[in-house]
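Asks: Dumping the structure here so I can ask a few things about it.
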Amino acid sequence: MGRVQDRVCIVTGAAQGIGRAIGEALLDEGAKVCFADLNGDKAEEVAEANRSRLKEHRGAVLSHQVDVTNREQVREMIAHTVEKFGRLDVKFNNAGVNKPMNFLDVTDENWNFIMGVNGLGCMIGMQEAARQMIAQGGGGKIINTASVASRQGYDNVAPYCASKFAVVSLTQSGARDLAKHDITVTGFAPGVVATEMWEQVDKDLMQIGAADRPGQAMEEFSSEILKGRVARPGDITGTTTFLASKDSDYMTGQIVMIDGGMVLV
């Protein structure tokens with residue numbers, strides 16, 4: 001029996017990077033997982049790859065296209081998952097975006113785009129998951145993806161930092177409100193992780209003149225990591241599976257740093 005055996009989980013932003021790794025780690029521990037992403041085709045590719053990998057447990061995998069800022073689409077995603085698997089036990093609000101801009105160049109559009117996905121998208125995901133959990137009974141777990149950028153501000157990614165500070169606040173607010181329903185709300189804060197998102201951030205920082213060469217941004221951001229290297233997605237999943245399991249049942253309102261010692265709080 002795995003740590004999350006038969007638990008029904010939704011992971012947003014699951015077509016690549018950390019989200020995909022979270023979903024696959026949950027499957028390996030016995031969960032039933034909906035891989036949800038704005039890129040529905042890519043989410044289905046990930047789901048099908050895992051059906052092939054699992055073989056005898058093909059039925060434990062589902063995909064769904066979703067815009068996390070669209071409440072109706074989020075409701076449809078949850079309804080689809082419940083129709084397939086019977087309930088919802090764990091909801092990972094992991095979908096996130098970043099588009100670096102120098103502080104004085106940040107536009108309203110840049111702010112609204114990042115805050116929309118990372119902030120509003122997280123709140124909608126929490127609300128709609130909680131409504132389903134309350135309706136079905138038995139409690140549940142909501143897990144949000146924060147960041148080292150939720151603990152301190154950085155000059156070239158101010159809206160991203162603000163959005164991840166918001167995730168911490170939403171986690172605390174949700175934990176206070178939902179405890180009476182036996183729903184825990186926690187989060188985790190990765191640092192520099194070798195994913196497609198970081199590759200794009202590296203290119204964006206070069207474009208705005210904040211870096212001179214490929215890889216420079218990742219080197220500079222990771223120079224203070226006590227573990228001496230950037231993270232791989234697999235470095236994150238031990239903690240995320242723990243947060244989805246009964247082992248974390250007495251934990252709520254907390255953000256776990258998984259950054260190799262980059263930011264000490």
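Asks: What FRET efficiency would be calculated for the residue pair residue 84, residue 110, taking the C-beta separation as r and a Förster radius of 30 Å, to the nearest 0.05?
Replies: The value I calculate is 0.20.
Asks: Between residue 216 and residue 265, what is the label-point separation in nm under the 7 Å Cα-to-beta-carbon projection?
Replies: Spacing of the two 7 Å Cα→Cβ label points: 2.9 nm.
Asks: I've got another one for you. Which entry is the computed Kirkwood radius over Cα pairs in Å for this structure: [x] 19.7; [y] 19.1; [z] 18.5?
Replies: It is the value labelled [z].
Asks: Highest mean first, what order results for 14-21, 48-55, 128-135 on Cβ atoms within 10 Å?
Replies: 14-21, 128-135, 48-55
Asks: Same structure, new question: To test your reading of the geometry: what angle, between 0 and 90 degrees and rounded to tens, separates the Cα axis of helix 158-178 from the longest principal axis of the chain?
Replies: For 158-178 against the chain, the angle is about 30 degrees.
Asks: Tell me the angle of helix 234-244 to the major Cα principal axis of the chain, expressed in degrees between 0 and 90 and rounded to the nearest ten.
Replies: Roughly 40 degrees between the two axes.
Asks: Using the beta-carbon distance between residue 199 and residue 254 and R0 = 25 Å, what value does 1/(1 + (r/R0)^6) give for FRET efficiency, to the nearest 0.05? Each step should come with its number before you reach the end.
Replies: Values: r = 30 Å, r/R0 = 1.20.
Calculated transfer efficiency: 0.25.
Asks: Take peptides 144-152, 39-47 and line them up by average Cβ neighbours within 10 Å, highest first, as a rough protection proxy.
Replies: In descending order of packing, they fall as 144-152, 39-47.
Asks: Now, a different point. In degrees between 0 and 90, to the nearest 10, how far off the longest principal axis of the chain does helix 17-28 point, with axes built from Cα atoms?
Replies: Approximately 30 degrees, to the nearest ten.
Asks: Which value in nm describes the separation of the simple spin-label points at residue 223 and residue 76, placed 7 Å from the Cα toward the beta carbon?
Replies: That separation, rounded to one decimal, is 4.8 nm.
Asks: Shifting gears a bit: Among 183, 73, 154, whose Cα projects farthest towards the positive end of the dipole of the chain, with charges put on the beta-carbon of Lys, Arg (+1) and Asp, Glu (-1)?
Replies: 183
Asks: 7 Å from Cα along Cα→Cβ at both residue 155 and residue 131: what's the point-to-point distance in nm?
Replies: 4.4 nm
Asks: Can you tell me how much longer the chain between residue 58 and residue 179 gets when fully stretched, taken as 0.36 nm per residue apart minus their C-alpha distance, in nm with one decimal?
Replies: Difference between extended and current length: 40.2 nm.
Asks: Sort the following peptides by mean Cβ neighbour count (other Cβ atoms within 10 Å, averaged over residues), highest first: 72-78, 210-216.
Replies: Working: 72-78: 19.0, 210-216: 13.3.
Those peptides, ordered most packed to least, come out 72-78, 210-216.
Asks: Continuing with the same structure: Mean residue ellipticity at 222 nm from the helices of the chain, using -39,500 (n - 2.57) per DSSP H segment of n ≥ 4 over the full residue count, to the nearest 500 deg cm²/dmol?
Replies: Mean residue ellipticity, 222 nm, calculated: -14000 deg cm²/dmol.
Asks: Related question: Let me check against my output: what whole-number percent is the relative contact order of region 79-230, with C-alpha pairs under 8 Å and at least 6 apart?
Replies: 25 percent
Asks: Just need log10 I(q)/I(0) for region 58-193 at q = 0.11, 0.13, 0.14, 0.19 Å⁻¹, Debye formula, equal scatterers on the alpha-carbon atoms, no solvent, rounded to two decimals.
Replies: Taking Cα atoms of region 58-193 as identical point scatterers yields -0.42, -0.57, -0.65, -1.06.
Asks: Next question, about the same structure. Hey, which of these cross-link pairs are over 28 Å Cα-Cα: 91/164; 55/246; 42/164; 55/91; 99/141; 32/180?
Replies: Details: 91/164 18 Å; 55/246 26 Å; 42/164 25 Å; 55/91 24 Å; 99/141 30 Å; 32/180 26 Å.
Violating the 28 Å Cα-Cα cut-off are 99/141.
Asks: Which of these, 123, 251, 101, has the largest mean-square fluctuation under a Gaussian network model of the chain (Cα springs below 10 Å)?
Replies: Between 123, 251, 101, it is 251 that shows the largest mean-square fluctuation.
No value in this document is a laboratory result; all are computed from the given coordinates. Quantities reported herein were computed from a predicted structural model and do not represent experimental measurements. Counting neighbours? That spans all protein chains shown, and the Cβs are built from the backbone with ideal geometry, glycine included.
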